[in-house]
Amino acid sequence: MMSTEELYKIFLNYPVISTDSRKIEKGSLFFALKGENFNGNKYAADAISKGAAYSIIDEEDYHIGENTILVNNVLKALQKLANYHRKQLRIPILGITGTNGKTTTKELIASVLAKKFSVSFTKGNLNNHIGVPLTLLAMNSETEFGVVEMGANHPGEIAELCKIADPDYGIITNIGQAHLEGFGSFDGVKRTKSELYKYIHSKGGTIFYNSDNPILAELNKEIKNKISYGRKDASFIGEPIQSPPFIHVKANFEKGVLYLNSNLIGDFNFENILAAACIANYFKVDPLKIQLAIKAYHPTNNRSQLIQKGDLKIIMDAYNANPTSMSASIASFLRNLSGDNYMILGDMLELGEYSAAEHAKIIELIPESITKNTFLVGNEFSKAGERQAIKTFMSVSELSLYLAENPIKNGNLLIKGSRGIQLEKILEILN
């Protein structure tokens, strides 16, 4: 069996990792991972034939020669290699987790830090037990700062990811009701997210936290090194400035006040912008460069995106949804946009036994004045809304048929739901 140190020497010569035999890069290392419905070992030879330098396997039956490397467990080998590489890099790494906003905050942080450092950060949603190692292994000798997003849907996952990434700094964006099916309860969510704080504290690192958030303030009481941001009584102070549909921030820097204009929609993005500015300020990035970076950032991938179709202004926020983010999106949308408002809301997934009650609570947030302009999509919303004067649809295709006959021509439209509902398909029939 090959050791991590021996495997690392090979990695230095072939520093590209592949985990999908259908997408092999020439000269890469193919890690034959296993899943519930697949066994990567079966594709080890295929990966080599397509140009992989080596295939890392954990089943001896697939050992076909010197280009296959046998280890005890491919996933563990990938994680150990990533941790070993991280230690050789000797760079600061900031870990980020949270129920909502972690991806947007991560991208904002990376954008502002990039004004001073060569930054490597989590791409897309590579934030789990496989994604975090891949993020670390994508860093190289030119990387000066790492930003690693950490996601979780079960207890103990953040602690495990911290052991791999070994972050020196950390931020929890917020803690809300998500993945309750896996965590078991809201307390389970809090305990798991706070594992980041505990790890950072154990190694004498520094955390950044929103002082306006009572849950975060409570969880970091024992943390020695911490920097706060918020509207008042914080190390770094800012306040939201409304410019519908966008949210801007008035931030207090040491040398004066700066207005951080953004292309982000929703009141909830205030704290994401402020967090990024706080962290960049801590690392002594020029405030004017922070301002430029935030102004240049545009959300993608159906995250709080503004899409204009004729006279219809669409707020597209269908990358993910949970009770916390759904209620925040609805409140911000109704508060900041005037005119004819419409909402298409999709089911919030992975809520387990809490699902029916949480969907019913969301429906209660919808004002009577907008019920005729609200469309609920999915099994859970359909059940919860069957006694309400709100139109319900079991699927996006059902809603599409309805909207083809009853088009929304103008006004403001919020589209919000879990990714699995695929609400983005609605865009195809909106003119």
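Of all the criteria given as (1) crowded, with 20+ Cβ neighbours inside 10 Å; (2) modelled with pLDDT of 95 or more; (3) not in a strand (DSSP E or B), the one not satisfied by VAL147 is (3).
The set of residues from region 306-337 being among the small types (Gly, Ala, Ser) and free of Cβ contacts under 8 Å to residues at least 24 places away in the same chain is empty. When VAL257 is tested against the conditions (1) over 26 Å from LYS425 (Cα atoms); (2) touching a helix residue (DSSP H, G or I) at 6+ places or on another chain (Cβ under 6 Å), the lone failure is (2). Of the residues making up region 393-419, just one is among the hydrophobic types (A, V, I, L, M, F, W, C), in contact with a Lys or Arg (Cβ under 8 Å, 6 or more places away or on another chain) and more than 17 Å from ASP340 (Cα to Cα), namely VAL396. Scanning region 384-431 for residues that are within 27 Å of the chain's Cα centre (by Cα), over 19 Å from GLY310 (Cβ atoms) and crowded, with 20+ Cβ neighbours inside 10 Å returns VAL396, LYS416, GLY417, SER418, ILE421, LEU423. The requirement of being farther than 18 Å from LEU75 by Cβ and either of a type in the set (S, T, N, Q) or assigned to a strand (DSSP E or B) (or both) is not satisfied by THR135. Pairs needed: first member in region 189-200, closer than 14 Å to ILE96 by Cβ; second member anywhere, among the small types (Gly, Ala, Ser) and at pLDDT 85 or above; C-beta distance under 6 Å; at least 6 residues apart or different chains. Short answer, once both residue conditions are applied: GLU195/ALA159; LEU196/GLY95; LEU196/GLY170; ILE200/GLY170. Does region 412-431 contain any residue that is polar (S, T, N, Q), over 22 Å from HIS359 (Cα atoms) and at pLDDT below 95? Checking region 412-431: at least one residue is polar (S, T, N, Q), over 22 Å from HIS359 (Cα atoms) and at pLDDT below 95.
The selection criterion, being modelled with pLDDT under 95 and farther than 30 Å from ALA318 by Cβ, does not hold for LYS289.
For ASN67, indicate whether it is surrounded by fewer than 23 Cβ atoms within 10 Å (Cβ to Cβ), of a type outside the set (Gly, Ala, Ser) and under 24 Å from the mean Cα position of the chain (by Cα). The answer is no for ASN67.
In region 378-411, what residues are in contact with an Asp or Glu (Cβ under 7 Å, 6 or more places away or on another chain) and within 26 Å of TYR354 (Cα to Cα)?
GLY378, ASN379, GLU380, PHE381, THR392
The values are calculated or read from the model by the stated rules, or taken from the named source; none is laboratory data. Not measured: the values here are computed from a predicted model. Glycine also receives a Cβ, built like all others from the backbone with ideal geometry; neighbour counts cover every protein chain displayed.
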